[in-house]
Amino acid sequence: MNGNREKVTVRVPATSANLGPGYDCLGLALSMYSEFTFEEAEDFSVTGCPEEFRNEDNLVLVAYRRAFGAAGKEPKPVKLSIEAGVPVARGLGSSSTCIAAGVLGADAFLGGCFSLEEKLRICTEMEGHPDNAAPALYGGLTASFMEEGKPFSVPFDCDPAWRFVAIIPDYEVHTAEARKAVPREMDISKSVYTTSHALAMVRALETGDEGLVGLAARDVLHEPYRKKLIPDYEVLRRLCLAAGAAAFLISGSGSTMLALTKQEDQAEELARAVEKAYPAFQVHVLRACQEGAKVLPA
Ligand code: HSE
């Protein structure tokens, strides 16, 4: 509380969707965060983001108002302050951070009226697919699916020893464009390949099996078509695998790529090597984040 005005800060983790063969299904929360503070005010306003997003169409505020609408209530005007640790349009779930924050912010002002499942439903309706929204809300590794228009999400353990070297290019890939690059139809043999690899991928992440993750991470559904949108993909893939990474993935729809290893030293060395070769890129050694979006203590 600040005087008579209520103030709520929500922290949401970055997420990596797909994890290779789990297109629109698998997702993992990572140890990179954005924070959103909502403070009761006379009118809606936004700070802490580029000028173009400082208006009532800001995705956080759209989600905030939508959640109030879902509860059948008039939204309270708020001053929104954003501290975005998760970069925009890089495949690390920045839109899910905004949507989850809006829903959790509204839920806090509404006294906690939504269940986790209801929050997932609102977030998924806005995003169109649950693979980022689920780990953003639940934390950890999730496998999600849609049934009769409703999202369901199944949590899995992720071996805490995994290190995810996130290589974030200095260029964006827009999800809409990356989705257009994926063929609309797929041969049954590729469907079997994809399902079987996605199941193995979950097991490899759970058990920390570096050999299995290298095989299971292979994808034929979207990565072969999307890598063309990331000009440095092939060079970085070769560099990371030659340096001993267990697997190399496109994070979400890109442009971020993830190199997986369980050796902390190797992760740091790999990060330094990539930074040296690509000084304009951001490189972070991340861990799985077990905790989903939450309201921070006042
Ligand atoms: N599953 C989505 C995709 C994640 O790959 O297009 C990005 O929003």
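Of the listed requirements (1) on the phi < 0 side of the Ramachandran plot; (2) buried (at least 16 other Cβ atoms within 10 Å of the Cβ), Gly93 misses just one: (1). Restricted to the stretch 1-87, the set of strands (runs of 3 or more DSSP E) holding at least 1 residues that are within 16 Å of the ligand (Cβ to nearest atom) and more than 13 Å from the chain's Cα centre (by Cα) comprises 22-40. No other residue among Lys262, Lys190 is closer than 26 Å to Ser94 by Cα and either touching a helix residue (DSSP H, G or I) at 6+ places or on another chain (Cβ under 8 Å) or outside the structural domain of Pro13 (by TED's automatic domain parsing) (or both) apart from Lys262. Being within 16 Å of the chain's Cα centre (by Cα), within 16 Å of the ligand (Cβ to nearest atom) and at pLDDT 95 or above is a condition met by no residue of the stretch 101-116.
Residues in the stretch 124-142 that are within 13 Å of the ligand (Cβ to nearest atom) and touching a Ser or Thr at 6+ places or on another chain (Cβ under 7 Å): 9 in all.
None of Leu110, Leu137, Leu205 is outside the structural domain of Pro13 (by TED's automatic domain parsing) and aliphatic (A, V, I, L, M) except Leu205. Do we have Phe164 as assigned to a loop (DSSP other than H, G, I, E, B) and either aromatic (Phe, Trp, Tyr) or crowded, with 20+ Cβ neighbours inside 10 Å (or both) here? So Phe164 does not fit the description; no.
Residues in the stretch 207-255 that are of a type in the set (Val, Ile, Thr) and either assigned to a helix (DSSP H, G or I) or farther than 23 Å from Ala29 by Cβ (or both): Thr207, Val213, Val220, Val235.
Within the stretch 170-192, being in a loop (DSSP other than H, G, I, E, B) and more than 16 Å from the ligand (Cβ to nearest atom) holds for Asp170, Tyr171, Glu185, Asp187.
The values are calculated or read from the model by the stated rules, or taken from the named source; none is laboratory data. Everything numeric here is computed off the predicted structure, so don't read it as measured data. As a convention, Cβ positions derive from the backbone with ideal geometry for all residues, glycine included, and neighbour counts pool all protein chains shown.
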